[in-house]
Structure formats: structure tokens, C-alpha cells
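Here the structure is laid out as C-alpha cells; the discussion comes afterwards.
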Amino acid sequence: ATPVTSPFAPPQETLIGKYGEGTKLIYELQDQGGELLALRYDLTVPFARYLAMNKITNMKRYHVAKVYRRDNPAMTRGRYREFYQCDFDIAGQFDPMIPDAECLKIVHEILSDLQLGDFVIKVNDRRILNGVFAVCGVPESKFIPACSTVDKLDKMPWEEVRGEMVGEKGLSPEAADRIGEYVQLHGGLDLIERLLQDPQLSQNKQAREGLGDMKLLFEYLTLFGITGKISFDLSLARGLDYYTGVIFEAVLLQQEKEHGEEPVSVGSVAGGGRYDGLVGMFDPKGRKVPCVGVSIGIERIFSILEQRLEASGERLRTTETQVLVATPQKHLLAARLKLISELWNAGIKAEMLYKKDPKLLKQLQYCEDTGIPLAAIVGEQELADGVVKLRDVATREEVRM
């Protein structure tokens with residue numbers, strides 16, 4: 001078996017079936033021995049496999065690594081075929097909604113600290129969705145296709161989603177209309193209470209369980225003080241089929257709102273949920289380990305931050321170099337090499353230009369371009385006096401030492 005760090009994973013039937021409509025985006029390949037492999041599509045399935053293979057029943061971990069999608073790239077929106085994800089997961093048997101609330105707290109903390117602007121974290125539960133489908137007269141065999149269609153509500157108006165449900169997914173127009181009454185709802189504790197009283201939904205066991213847990217979750221999120229950014233949203237479905245309970249997705253909102261309209265979404269930057277059945281699928285004895293986790297889309301966040309930097313015209317310091325070793329005259333390469341070696345040995349991050357006789361102006365310009373704060377200058381006079389001239393690049397102040 002390949003270790004957890006490997007981007008290769010055997011595309012077992014169980015696994016392929018769990019990615020919903022994402023299956024067509026999996027990179028499949030054959031190795032020299034003809035074994036069928038696939039490049040990993042996310043970090044969740046390899047994590048579940050790792051827990052099962054090593055018989056781990058309890059773990060909290062984060063993992064930053066590359067994943068692969070056979071997608072049509074859209075560079076400006078931060079959609080790539082090879083990109084980094086940052087996942088954190090809590091695996092183990094715990095009381096309901098405590099680890100789930102912590103995952104949402106962490107997403108809230110990350111998005112607040114990165115100052116990406118306004119955001120909302122949508123929350124729903126697969127059991128509530130399945131309950132909605134059941135009471136609306138959808139046969140169980142069509143739950144998953146209905147789910148992947150509802151998931152498009154953030155990109156398409158209800159009319160189009162309804163059309164796809166009836167036209168492509170074979171739902172009856174009546175069922176589609178009844179689903180529409182539910183999936184366009186969003187709110188907070190008040191909505192949860194209202195649905196718990198709903199004469200049809202409250203009759204469904206799955207929906208009742210999901211709503212009970214959702215109420216608990218909102219109580220914990222209130223204690224964490226983050227409900228202002230959380231929305232219980234019945235249209236949230238998440239396209240992946242391995243979710244079993246609570247699901248969530250963090251969406252950035254556009255700054256410019258037209259005359260008091262609802263803020264527009266820029267796109268999803270994080271998503272996750274509870275997947276209690278996944279580890280059991282990889283365990284030969286089918287032993288289950290309950291898990292909940294989140295994936296942060298690093299590339300998408302980067303592309304937003306880059307666009308913002310470009311618009312503001314700010315310079316971003318892209319190096320940790322503390323000092324550039326510079327010389328003002330020719331034939332002083334030896335002095336630079338000796339000084340930089342001393343600095344390196346002392347653990348100071350130093351650079352020099354890879355030229356025998358660079359012009360001083362060029363060296364100082366390099367400091368300005370890259371954001372190196374100091375220049376250590378050794379000229380003939382400094383060598384004779386046994387000193388180094390240290391120059392603050394921004395203020396142009398100099399001291400001899």
C-alpha cells in the first residue's frame with residue numbers, strides 16, 4: 001500500500017463512487033505493472049484510508065499537500081488542475097457536535113485573520129436534506145442525483161435547478177416544487193425551531209435527528225461567539241457523496257453591494273463536513289471511525305489576495321533576507337564572499353548579487369525591489385578601517401561598525 005504522503009491511490013470502486021459528479025475529474029492512470037492508480041482528488045479519502053490501515057481510532061491532524069483534478073483550469077478564479085489544499089480533521093468517538101463546532105470556529109478564525117473581507121459559512125446536514133427529499137416524494141435511489149442538482153443553487157437560479165431535476169434527474173414536477181419550498185430557506189436558530197415544528201419534516205426520523213444536532217451546533221457556535229457569520233442554508237448540498245451529517249462551506253462576499261441588495265458571493269474558499277462511514281469502507285472488518293473535517297482552498301485564497309495587492313499597488317516582501325552584502329567599487333568580490341560567509345555562519349539571512357563587479361546603485365535597487373531592509377557595504381575605505389557600513393535601505397541612514 002502507498003504511504004499517506006503519496007499522491008497515488010488505488011481507485012477502488014468504493015472510492016470512485018464517493019465523489020459524486022466529481023468522479024469525472026479524477027486523474028486515472030496505470031503503472032508499468034498495469035495496476036490501476038489515480039492521482040488523489042482530495043486529502044480526506046487518503047486520511048480515512050490511513051486511519052483504517054493503521055487501526056487508528058482517535059486523531060486530530062492537519063495536512064497541507066497537493067491534490068489533482070482533471071478540470072478546466074480558470075487561473076483568475078484560482079481553479080487549477082494541480083493545487084494545494086489544507087485540511088484539518090478530528091477523528092474519534094465523541095459527543096455530538098462538539099468537534100464539529102470546533103471545526104467551524106477554526107474556519108471562522110482563519111478567514112477573519114486573513115482579512116479577506118466579508119464571508120459567510122453556510123451550514124446544513126445531509127440527514128436534513130435526505131429528510132426533505134423523502135417528504136417531498138423523491139425515491140431513495142434519486143437522493144444522490146437530487147443532491148448534486150441542489151448543490152448548483154449557488155450558481156444557478158431555482159428555475160434552472162428545477163428544470164434539471166425534472167428534465168435530467170427524472171423527478172416529478174410536484175416533488176421538485178415541494179423541494180423548492182425548502183431549499184430556498186436560510187436562517188439561524190429560528191429557522192431550525194420552525195422546521196422542528198414543520199408537520200411533514202418533523203415526521204421524518206433522519207430530518208429530526210439532523211435538526212436536533214443542528215440546534216445543538218448553533219448553541220455551541222453561540223457560545224463561541226461566531227453565529228453572526230454562520231447561516232443555516234438548506235440549499236447547501238456539497239457534491240461529495242461521503243458526507244453523512246453536518247456539512248459546511250465558507251463563501252467570500254463581494255465588497256460592493258448595489259443599493260442594499262444581498263451581498264454577492266465571490267466563491268467558496270473552504271468546505272467540509274462529517275463523514276462517519278468513510279474509514280469503515282477501507283477497513284477489512286468494516287470498523288467505523290467517526291470523522292469531521294474541513295478543507296481550505298489555499299490557491300483560491302492566494303489568487304484573491306494577489307488580485308487585492310495588485311489593485312492596491314502595494315509591494316509585498318517576498319524574501320526573508322535580512323541583509324544584502326554590497327560593494328561600491330570593482331575587484332571586491334573576495335571581501336563580499338568573506339563577509340557573507342561570516343553572516344551565514346552566524347545564522348543571519350544574507351544575500352549578494354552573483355556578479356563580480358556590480359554597480360552599487362544596482363545592488364541598492366535590488367534591496368528596494370525585494371524588500372531587503374539592510375545593506376552591508378564594504379568598500380576599500382571600510383576594509384582599510386576594518387569596519388562595515390550598514391545602510392538602512394528605506395531611510396538611507398548609514399552607520400559604520
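The values are calculated or read from the model by the stated rules, or taken from the named source; none is laboratory data. From a predicted model like this one, the values you see are computed outputs, not experimental measurements. Here the Cβ positions follow ideal geometry from the backbone for every residue, glycine too, while neighbour counts run over all protein chains shown. Heads up: the accessible areas ignore ligands, DNA and RNA and are worked out on the full protein's heavy atoms, side chains in. Shrake-Rupley method; radii C 1.70, N 1.55, O 1.52, S 1.80 Å.
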task: Treating the angle as unsigned and between 0 and 90°, give the value, to the nearest 10°, between the Cα long axis of helix 205-224 and the longest Cα principal axis of the chain.
output: 30 degrees
- prompt: For the stretch 278-348, what percent of Cα pairs sit more than 22 Å apart?
  reply: 64 percent
message: Once R0 is set to 41 Å, what does the formula 1/(1 + (r/R0)^6) return for the Cβ-Cβ distance between residue 333 and residue 396, expressed as a FRET efficiency to the nearest 0.05?
response: 0.95
- request: Whenever you get a sec, compute what percent of the accessible area on the chain sits on carbon and sulfur atoms (1.4 Å probe).
  value: 53 percent
- prompt: For the chain, how big is the tail of P(r) above 32 Å, as a whole percent of Cα pairs?
  reply: 50 percent
query: What distance in nm separates the simple spin-label points at residue 24 and residue 320, each placed 7 Å from Cα in the Cβ direction?
result: 4.4 nm
Cβ-placed point charges (K, R +1; D, E -1), dipole of the stretch 21-143 about Cα centre in debye, nearest 20: 240 debye
- prompt: Which pairs break 26 Å Cα to Cα here: 169/215; 155/229; 55/152; 215/285?
  reply: 169/215; 55/152; 215/285
- request: For the stretch 2-311, report the accessible area per residue in Å² (1.4 Å probe, heavy atoms, rounded to an integer).
  value: 49 Å²
Computed Rg/Rh of the stretch 323-400, alpha carbon atoms with Kirkwood Rh: 0.92
field: In the stretch 318-376, the chymotrypsin sites (Phe, Trp or Tyr not before Pro) that fall in loop regions by DSSP, at most 11 other Cβ within 10 Å
entry: 354
At most 16 other Cβ within 10 Å, DSSP loop - GluC sites (Glu not before Pro), the stretch 281-352: 314, 320
query: Label-point separation (nm) for residue 305 and residue 61, each offset 7 Å from Cα along Cα-to-Cβ?
result: 2.5 nm
